[in-house]
Amino acid sequence: MRKIPPVNAIRAFEAACRHMQFQLAAEELGITPSALSYQIRQLEEHLSLKLFKRLNRAVELTKEGRILSAGVIESFEKLEETFALLQSDENDNTLVVSTGPAFSAKWLAPRLYSYLEQNPEIDFRLSANLKLTDFERDGVDAVIRFGGGDYPDLFTEALFQEISTPLISPKLFEETGGKADETLFTKISLIHDESLKFLDGGQWGTWLEAMNYKTINPDKGAHFNHADHCIEAAVDGGGIVMGRLGFAFREINAGRLIAPFKQAISAKGGFYFCCPHEALEKEKVLNFLAWLRDEAADQAEAIEAFMEDRLLLT
């Protein structure tokens, strides 16, 4: 007989890992933050492990929490995909797209209303995960992935390349003196986007070295494996993040984050639309790709204007 913790506790943990905020996770599950916190404590007591560090303005996964979160999130994603397959099989009006969780949360989902308005007949299904996709087995029409663009045997089109620059909440910036220089980093924590590690780009070490800031340890601070968690931590005043503009532009425009430094770096990678070549025979796939091109072009124009008085370091 399998002995696993209470399912509600596991579900609460999974939601908290995705949002990295108990309030948002509780809202998603339709419970109070105190109830969610209680369920997570149940899970911690069951495992005799601490899964979260409770900070002043945010939460952070412990080492054990990070290990558990990967398997739990993947398991729930697989369940959702399997149930979706039962509903979407043989439905020509169903479009199934797979993206990474951060791209889904910070880029695609906030824009998706315009696509749905233009294509009301489409039953859109989004699978937010980073696992390798078997298009036929998983019932996926197209994927959007971050990388170097090398995806053999697939139709591949670049959407946009990423640029990173330090981002911080305006309140925290003022509280720490409001000066964009090396001393800022002695007063606050760095926030790291671990999802870029495989490309060795867009990280603090690259930027600090280019700035000749030699007194700062580029590895210190909080590490997250999803870019959206990094952005949310910075918005909540948890530190300063090497933020990817494609993900953070809405927060910058809304004044929730500012870019105090004029120097930026390339993340040495970009987002690519990929699908089997035969999928391009489907009108629903071509329409979605056309919409993505328009959205990416609008973003490129906005980022170009943002970078007018800034320097892209090499």
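Some points to look at:
- Considering residues of region 250-261 that are in a loop (DSSP other than H, G, I, E, B) and within 21 Å of Phe103 (Cβ to Cβ) only, the residue modelled with the lowest pLDDT: Ala254
- Residue check for Arg66: in contact (Cβ under 8 Å) with a residue 60 or more places away in the chain and within 25 Å of the chain's Cα centre (by Cα): yes
- Condition met for Leu172 (over 22 Å from Gly246 (Cβ atoms) and either modelled with pLDDT of 95 or more or more than 20 Å from the chain's Cα centre (by Cα) (or both)): yes
- Selection status of Ala12, at pLDDT below 90 and in contact with a helix residue (DSSP H, G or I) (Cβ under 6 Å, 6 or more places away or on another chain): no
- The residues of region 179-195 that are outside any helix (DSSP H, G or I) and without any contact (Cβ under 8 Å) to a residue 24 or more places away in the chain, listed by number, are Lys179, Asp181, Lys187.
- When Glu117, Glu157 are screened for being part of a helix (DSSP H, G or I) and among the acidic types (Asp, Glu), only Glu117 passes.
- Candidates in region 223-241 are the residues that are acidic (Asp, Glu) and over 18 Å from Glu174 (Cβ atoms); of these, the one that is farthest from the chain's Cα centre (by Cα) is Glu232.
- Selection from region 16-67 of residues that are assigned to a helix (DSSP H, G or I) and acidic (Asp, Glu): Glu27, Glu28, Glu44, Glu45, Glu64
- Of all residues making up region 133-154, the number that are among the basic types (Lys, Arg) and assigned to a loop (DSSP other than H, G, I, E, B): 0
- Taking region 215-249 as the range and being among the aliphatic types (A, V, I, L, M) and assigned to a strand (DSSP E or B) as the test, the residues that pass are Ala222, Ile240, Val241, Met242.
The values are calculated or read from the model by the stated rules, or taken from the named source; none is laboratory data. All of these numbers come straight from a predicted model, not from anything done at the bench. Here Cβ is always computed from backbone atoms with ideal geometry, including for glycine, and neighbour counts include all displayed protein chains.
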